[in-house]
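One structure is given here, and the rest of the page talks about it.
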Amino acid sequence: MSAPSGLGRAVVLVLVLAAPGLARAFSDPERYDAPTLEGGGGGRHFTGSPIDGLSCAVCHRPAGRPELTVEGFPTTFEPGQRYSVRLSWDASLGSHALQLELSTSAGDHAGVTLPAPAPAGRCEGSATGELATGLRTRGIRRIVEVSDCGASEVVVEMLAPDEPVLYLTAGVVRSDGSATPDGDAVLELRVTTTRAGDPASSGGCGAATGTAGLPLAALVMALALAERRRRTS
Amino acid sequence: MQLARAVAATVAMATSAVLGACAVEPAPLDVPSPSSQGFADRVYPILLAQCAFPACHGSPDRFFAVYGPGRTRFDPATEPYAPATAEELALSYRRTTSMLVWPDGARRSPLLRKPLPVEAGGAGHEGNDGWGQAPFTGEDDPRWITLATWAVGEDGL
């Protein structure tokens, strides 16, 4: 990894999520560019990026407790510096599929390239397995895809542009293998990094298991605040 | 004793008021009926793209529900990517036009107000994206304009 010391300290995040899961027919990334009348996404790729804010949770309802590890995404970045970002998961729990972007707030890709994968980035984790990962260029976007064929990691290279904030966003679905809408585990991942030397922003790591996640979190916070006020009054 | 009689009388009056109110025939709803062809051609694709995801308004649990290809199928036996069936179009049309019922007219109706940002005249919408963005950016969003012109019957169809 090429992150400079002191600035590009590797961020290792282990996200343990309570997730339920509902998948429907709309789950084939090959269809994401197709017109909606043909069952496609109409250009949506469900990465949850700043210009494609919906994620996998609009179709899948969380079920389960998936873990995802993110390494190499810096807390602050140097423009022009190359970073190697690795996402990994336990494939023994089931096949994981990802749609991922590294982007600016305007949605431009953050100098994204996809190096040749190690065996863990291939189907069934086999050195001779088919590629599990792919990169789609769509206008200003570069979307990294991981097929649900048994890979356990994806490594993405980022050449940081001179922007105040960069985002790592991903929709992650761990299938329960039932081919039904129910039982899949779902993760909406959003991590931010700020340009070195800029004032600290409200960035950081965020993850939700579905569209109801944020309101629930707000409710819990409100209750905690109310309890704290009650105790101090 | 007087208190008990007063309470009994009050309860009786309240009961008769409630029963009386229930006996009033509700006024029939005037559900707008904009062009079904305009719905199929112009509005339905937008609803599929913006609203009809299975965990959102593709859920049968929602009153405003839109069914179709690549989303929730009304008949589970329908092939996932087969074209929209007549039944799906008809049901989606009915649910959509029901969302146009509003005392102040269709332009103020939930169908046109809920998907707008509050600061742009929206009514609030739980299903904004992870960045808090509403489905449409404002009344100048071409997709919203398509919905609005259809809803008020000005799309020429």
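The values are calculated or read from the model by the stated rules, or taken from the named source; none is laboratory data. All figures in this text were calculated on a predicted structure; none of them were measured in a lab. Note that each Cβ is placed from the backbone with ideal geometry, even for glycine, and that neighbours are counted across all protein chains shown.
Please verify whether residue A:45 is in contact with a Lys or Arg (Cβ under 8 Å, 6 or more places away or on another chain), within 14 Å of chain B (Cβ to nearest Cβ) and either at pLDDT 80 or above or over 21 Å from residue B:126 (Cβ atoms) (or both), treating the condition exactly as stated.
Judged against the criteria, residue A:45 is a match.
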### residue B:135 in a helix (DSSP H, G or I), within 13 Å of another protein chain (Cβ to nearest Cβ) and closer than 15 Å to residue A:41 by Cα
no
### Message
Can you tell me which condition residue A:179 does not meet? The list is (1) modelled with pLDDT of 95 or more; (2) within 14 Å of chain B (Cβ to nearest Cβ); (3) surrounded by fewer than 17 Cβ atoms within 10 Å (Cβ to Cβ), and all the others hold.
### Response
(1)
### Query
Out of the residues in the range A:28-42 that are touching a Gly at 6+ places or on another chain (Cβ under 8 Å) and assigned to a loop (DSSP other than H, G, I, E, B), which is farthest from the other protein chains (Cβ to nearest Cβ)?
A:33
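Within the range B:3-62, count every residue that is over 30 Å from residue A:31 (Cα atoms) and either modelled with pLDDT of 65 or more or not hydroxyl-bearing (Ser, Thr, Tyr) (or both). Before you say what the answer is, go through the steps one by one.
Initially, the range B:3-62 is screened for residues over 30 Å from residue A:31 (Cα atoms), giving B:3-34.
Remaining after also requiring either modelled with pLDDT of 65 or more or not hydroxyl-bearing (Ser, Thr, Tyr) (or both): B:3-9, B:11-14, B:17-34.
Selection size over the range B:3-62: 29.
For every residue, the table says whether it meets (1) under 16 Å from residue A:42 (Cβ atoms); (2) more than 14 Å from every other protein chain (Cβ to nearest Cβ); (3) surrounded by fewer than 18 Cβ atoms within 10 Å (Cβ to Cβ).
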{"site": "B:46", "(1), (2), (3)": "yes, no, no"}
{"site": "B:69", "(1), (2), (3)": "yes, no, no"}
{"site": "B:72", "(1), (2), (3)": "no, no, no"}
{"site": "B:84", "(1), (2), (3)": "yes, no, no"}
{"site": "B:98", "(1), (2), (3)": "no, yes, yes"}
{"site": "B:101", "(1), (2), (3)": "no, yes, yes"}
{"site": "B:108", "(1), (2), (3)": "no, yes, yes"}
{"site": "B:124", "(1), (2), (3)": "no, no, yes"}
{"site": "B:131", "(1), (2), (3)": "no, no, yes"}
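How many of the residues making up the range A:95-108 are surrounded by fewer than 24 Cβ atoms within 10 Å (Cβ to Cβ) and either more than 15 Å from the chain's Cα centre (by Cα) or of a type outside the set (A, V, I, L, M) (or both)?
6
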### Message
Criterion first (in contact (Cβ under 8 Å) with a residue 12 or more places away in the chain, crowded, with 18+ Cβ neighbours inside 10 Å and more than 24 Å from residue A:76 (Cα to Cα)) does residue A:173 satisfy it?
### Response
yes
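Residue-by-condition table, conditions (1) in contact with a Cys (Cβ under 8 Å, 6 or more places away or on another chain); (2) within 14 Å of chain B (Cβ to nearest Cβ):
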{"residue": "A:54", "(1), (2)": "no, yes"}
{"residue": "A:58", "(1), (2)": "yes, yes"}
{"residue": "A:93", "(1), (2)": "no, no"}
{"residue": "A:96", "(1), (2)": "no, no"}
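Being in a strand (DSSP E or B) and free of Cβ contacts under 8 Å to residues at least 60 places away in the same chain is true for just one of A:102, A:68, A:87, A:54. Which residue is that?
Working: A:102 fails: free of Cβ contacts under 8 Å to residues at least 60 places away in the same chain; A:68 fails: free of Cβ contacts under 8 Å to residues at least 60 places away in the same chain; A:87 fails: free of Cβ contacts under 8 Å to residues at least 60 places away in the same chain.
Going through A:102, A:68, A:87, A:54 in turn, just one is in a strand (DSSP E or B) and free of Cβ contacts under 8 Å to residues at least 60 places away in the same chain: A:54.
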